Amino acid sequence: MADLEKYRECIRKLITEYAQLDSSNNEIEVQTIFDVEQDHYQLIYIGWQNKRRVFGPVMHFDIKNGKIWIQWNGTEEDVGEQLVAMGVPKHDIVVGFHPPYVRQYTDYAVS
């Protein structure tokens, strides 16, 4: 259970840090979503840019079966390595946006 709380805190910290990055567009709202009961965590953008609607995830993490699943990473940063730097072992991180047959070739867990 201690790992679960640690993993939740690592994800919240990572998402919060990205949410605080300065945005040059005042019409786009940055929202953090922390569903601790179901273990779903997101950073999303909502708003308008050049008369076009902006809505979508920047990051999405789940915790399933004691592992952090990176479901989406819309940044250029390796958030898996950032989690490792926070003390999460690679065998407890799954890159969920990679197909299952590709995951075996990463340094992270398959599932």
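The values are calculated or read from the model by the stated rules, or taken from the named source; none is laboratory data. Given the structure is predicted, the values throughout are model-derived calculations rather than measurements. Positions of Cβ are generated from backbone atoms using ideal geometry, with glycine treated the same way; all protein chains shown enter the neighbour counts. For accessibility, only protein heavy atoms count, side chains too; no ligands or nucleic acids. Shrake-Rupley method; radii C 1.70, N 1.55, O 1.52, S 1.80 Å.
How far, in nm, would the chain grow between Gln104 and Thr32 when pulled straight, counting 0.36 nm per residue and subtracting the alpha carbon separation?
Value of the extension gain: 22.9 nm.
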Point to revise | Long-range amide H partners of Trp69 with built H, under 5 Å | key: Asp62, Ile63, Lys64, Val94
Check your understanding: Could you name the lysines in cross-link range of Lys90, using Cα to Cα under 16 Å and dropping any fewer than eight places away on the same chain?
Key -> Lys6, Lys64, Lys67
Practice item. Return, for the Cα atoms of the chain, the radius of gyration and Dmax in Å, separated by a comma. Key: 14.7, 47
Practice item. Quick one: what are the phi-derived ³J(HN,Hα) couplings along region 52-63, Karplus 6.51/-1.76/1.60 with θ = phi - 60°, whole Hz, x for glycine and proline? Key: 10, 6, 10, 7, x, x, 9, 9, 8, 10, 10, 10
Practice item. Send over a whole-number figure in Å² for the accessible area per residue of the chain, probe 1.4 Å. Key: 63 Å²
Review point. What list of ³J(HN,Hα) values in whole Hz, one per residue of region 42-49 in order, does the Karplus curve 6.51 cos²θ - 1.76 cosθ + 1.60 (θ = phi - 60°) give from phi, with Gly and Pro shown as x?
Key: 9, 10, 10, 10, 9, x, 9, 9
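About the Cα centre, and with charges only on the beta carbon of Lys, Arg (+1) and Asp, Glu (-1), how big is the dipole of the chain? Nearest 20 debye, please.
Numbers: 11 positive and 17 negative charges, 65 e Å.
My answer is approximately 320 debye.
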Practice item. Would you kindly derive the ³J(HN,Hα) couplings of region 87-94 from the backbone phi angles with the Karplus curve 6.51 cos²θ - 1.76 cosθ + 1.60 (θ = phi - 60°), listing them in order in whole Hz, with x for Gly and Pro? Key: x, 7, x, 4, 6, 10, 10, 10
Practice item. Compare the Cα positions of Val95, Tyr108, Val54 along the charge dipole of the chain (+1 at Cβ of Lys, Arg; -1 at Cβ of Asp, Glu; about the Cα centre) and return the one farthest towards the positive end. Key: Val54
Revision key, fill the gap. If one compares the long axis through the Cα atoms of helix 2-19 with the longest principal axis of the Cα atoms of the chain, the angle in degrees, nearest 10, works out at 30 degrees
Point to revise | Using a Förster distance of 25 Å, the FRET efficiency for Ile46-Glu5 (Cβ separation, nearest 0.05) | key: 0.30
Point to revise | Helix-derived mean residue ellipticity, 222 nm - over the chain, DSSP H n ≥ 4, -39500 (n - 2.57), to 500 | key: -7500 deg cm²/dmol
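Once fully extended, how much extra length lies between Arg53 and Asn65, figured as 0.36 nm per residue of separation less the alpha-carbon to alpha-carbon distance?
On the way: separation 12, 0.36 × 12 = 4.32 nm, distance 3.57 nm.
Net length gain for the segment: 0.7 nm.
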Check your understanding: Once amide H atoms are built 1.01 Å from N in the peptide plane, which residues 5 or more positions from Met59, or in another chain, come under 5 Å H to H?
Key -> Leu43, Gly74
